[in-house]
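> Quick one: the structure is below, and I'll ask about it shortly.
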Amino acid sequence: MKVTRDVIHDLLPTYLAGEASGDTVALIDEFLRQDPELAGTVESLRSPLLPEAPIGLRPTHEKETLDMTKRLLRWQGILMGLALFLTLFPLSFRFDNGRITWQFFRDAPPEVTALVSVAALVCWFSFLYLRRRLRSTGL
């Protein structure tokens, strides 16, 4: 049986991938010595198709991005907890003789009430800002 060019074409993917047996490699090498045109084609297939592109990102860019996202998620949880606490803390109340007595506002000076209210607003705005920033990452 004669080995034709079609048989060599069928074997080339295995040969170029380096997965061909020793006998197949010897058969293809022998055929390529007799057919310089096909040998040139095979040689062009061995060379990389695309030149290596320069990589513009630092090798640690993905890790830094992941660390920043984790840090933002952690801050988002902390700010949510603080915002809820500072919002609900002044609103804690009790019932005395049919009246509602606000625990915090009853005993706190106005400056402390204003400070807690401002802190709660700052936490809420910070939480919403982080939430919007994290939305762009798909989280």
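Any read-out appearing in this document is the output of simple, stated calculations on the displayed coordinates, not a laboratory observation. Computed from a prediction, not measured in an experiment: that's the story for all the values here. Glycine gets a Cβ as well: all are built from the backbone with ideal geometry, and neighbour counts include every protein chain shown.
> Calculate one ³J(HN,Hα) per residue across region 71-80 by plugging θ = phi - 60° into the Karplus curve 6.51 cos²θ - 1.76 cosθ + 1.60, and present them in order as whole Hz with x for glycine and proline.
So the Karplus estimates, Gly and Pro as x, are 5, 5, 5, 4, 5, 4, x, 5, 5, 5 Hz.
> Moving on to the next point. Using a cut-off of under 20 Å, list every residue of region 19-35 whose amide N is near the label point 7 Å from the Cα of T41 along the Cα-to-beta-carbon line.
Correct set: 19-20, 24-35.
> Net charge near E30, counting Lys/Arg +1 and Asp/Glu -1 over other residues with Cβ under 14 Å of its Cβ?
Details: positive: K2, R5, R33; negative: D23, D29, D35.
Result for the neighbourhood of E30: 0.
> Suppose each label sits 7 Å from its Cα in the direction of the beta carbon; what would the T87-S136 distance come out to in nanometres?
A separation of 2.5 nm, rounded to one decimal place.
> Any chance you could run the full-extension gain for Q34 through R71? It's 0.36 nm times the residue separation minus the Cα-Cα distance, nm to one decimal. Could the numbers behind the result be given before it?
Numbers: separation 37, 0.36 × 37 = 13.32 nm, distance 6.46 nm.
Extra length available between Q34 and R71 comes to 6.9 nm.
> Let me ask something else about it. As a footprinting exposure proxy, order I28, I8, I78 by other Cβ within 10 Å, with the fewest listed first.
On the way: I28 22, I8 18, I78 14.
In order of increasing Cβ crowding within 10 Å: I78, I8, I28.
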